[in-house]
Amino acid sequence: MVTELALHDVMNVAGVAADLSHISTSVPVKAFHGPSELDNAVKGSDLVIITAGVARRPGMDREQLFEVNANVVLASVTAIAKSSAHALIAIVTNPINAVVPMAAEYLKRKDVFDANRLFGVTTLDCVRAESFIGNYMNIDPKKVEIPVIGGHAGNTILPIMSQCKPPFQGDNECKASIINRIQMGGDEVVKAKNGKGSATLSMAFATARFANALLLGLKVLQANAQIQHAAKKASRATASLARLMANIGGPTQSKRRLLLTITNTILLYGCEVWAEALEADSRRKVYASVQRTAALRIASAYRTVSEAAVLVISSCIPIDLLAFECRKRW
């Protein structure tokens, strides 16, 4: 889902970019250094993840952390508003409860605020909840589903234990203990690192999970646009060629199949990327209606024939199955 990765930092970014570029993917990695290159780093981005700032140290409260990190986040948001206002913004930098509202107010002042495009990444609380509950119940944490709402600091972190799947097995004392551990998970890591760092690896995992969800959402939106565009284009092509092929009589079956080949080719363009979008019945029907019209011409039948029947008559494979087959081969 990633087509290009741009990294920005005030130091050592070239080394990190070189390291990442050795991973066996086709994604190009670019490095941008210092404040003067921040605008270019975010320019044209669909997703910007802000992780910059200092980590919380022992004894440091979130107000003190805000004084240090607020300017860092504000610089990034300023560049995004200027060079990539359409981007999704995922803020990982703490204190999230304070810097996300600050970012929102700045974007409002610049008239580019969209509540559906600004996110505070608190997925780590969900990851911790899944891990702690899974370990307590002696089950795979991947099988635990637990909504965690609220903020990302202390008692603003609210695991909804009543909605846990599978149901949480434990008394109220156990439940309170696990909730407290989820809420204070950050302190647990800081203490374990003897004050020399905070959560990094688990935070990276949680951020990657959230980023993948955002990218998948963008992919679906793009797939919707592609499906609508391709369906209209294929429908026009089908209508143009159909003028040569009356419902009854007209060209032979082999020549009629040429019509469906053209229709399918238009519909399937780029399906290696968006095929999964056809799992939604509403999207599949958009394509199926176009394919059915073309298949009717092959079957020399009337339009009252059902989609399934006309595909069988015309020896035609349903468009969603064709798309998934192309996806597998890709």
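The values are calculated or read from the model by the stated rules, or taken from the named source; none is laboratory data. Model, not experiment: these values are computed from the prediction. We place every Cβ from the backbone using ideal geometry, glycine too, and count neighbours over all the protein chains shown. All accessible areas refer to the heavy atoms of the entire protein, side chains included, with ligands and DNA or RNA removed. Shrake-Rupley method; radii C 1.70, N 1.55, O 1.52, S 1.80 Å.
Residues checked against (1) over 22 Å from residue 120 (Cβ atoms); (2) without any contact (Cβ under 8 Å) to a residue 40 or more places away in the chain; (3) within 24 Å of the chain's Cα centre (by Cα):
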residue: 31; (1), (2), (3): yes, yes, yes
residue: 37; (1), (2), (3): yes, yes, no
residue: 41; (1), (2), (3): no, yes, yes
residue: 44; (1), (2), (3): yes, no, yes
residue: 47; (1), (2), (3): no, no, yes
residue: 54; (1), (2), (3): no, yes, no
residue: 90; (1), (2), (3): no, no, yes
residue: 94; (1), (2), (3): no, no, yes
Which one of these does residue 63 not meet: (1) surrounded by 13 or more Cβ atoms within 10 Å (Cβ to Cβ); (2) closer than 30 Å to residue 184 by Cα? (1)
Take the residues of region 162-190 that are farther than 16 Å from residue 146 by Cα and assigned to a loop (DSSP other than H, G, I, E, B): which is farthest from the chain's Cα centre (by Cα)? 171
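Whether any residue in region 90-108 is of a type in the set (Lys, Arg) and either under 30 Å from residue 157 (Cα atoms) or not in a loop (DSSP other than H, G, I, E, B) (or both) is what I want to check.
Residues of region 90-108 of a type in the set (Lys, Arg): 108.
If we keep only those that are either under 30 Å from residue 157 (Cα atoms) or not in a loop (DSSP other than H, G, I, E, B) (or both) as well, we get 108.
Checking region 90-108: at least one residue is of a type in the set (Lys, Arg) and either under 30 Å from residue 157 (Cα atoms) or not in a loop (DSSP other than H, G, I, E, B) (or both).
Taking the conditions exactly as written (open to solvent by less than 50 Å² (accessible area, probe 1.4 Å), under 19 Å from residue 199 (Cα atoms) and either of a type outside the set (Ser, Thr, Tyr) or part of a helix (DSSP H, G or I) (or both)), does residue 79 satisfy them or not? Reasoning before the result, please.
Details: open to solvent by less than 50 Å² (accessible area, probe 1.4 Å): yes; under 19 Å from residue 199 (Cα atoms): no; either of a type outside the set (Ser, Thr, Tyr) or part of a helix (DSSP H, G or I) (or both): yes.
Answer is no for this residue.
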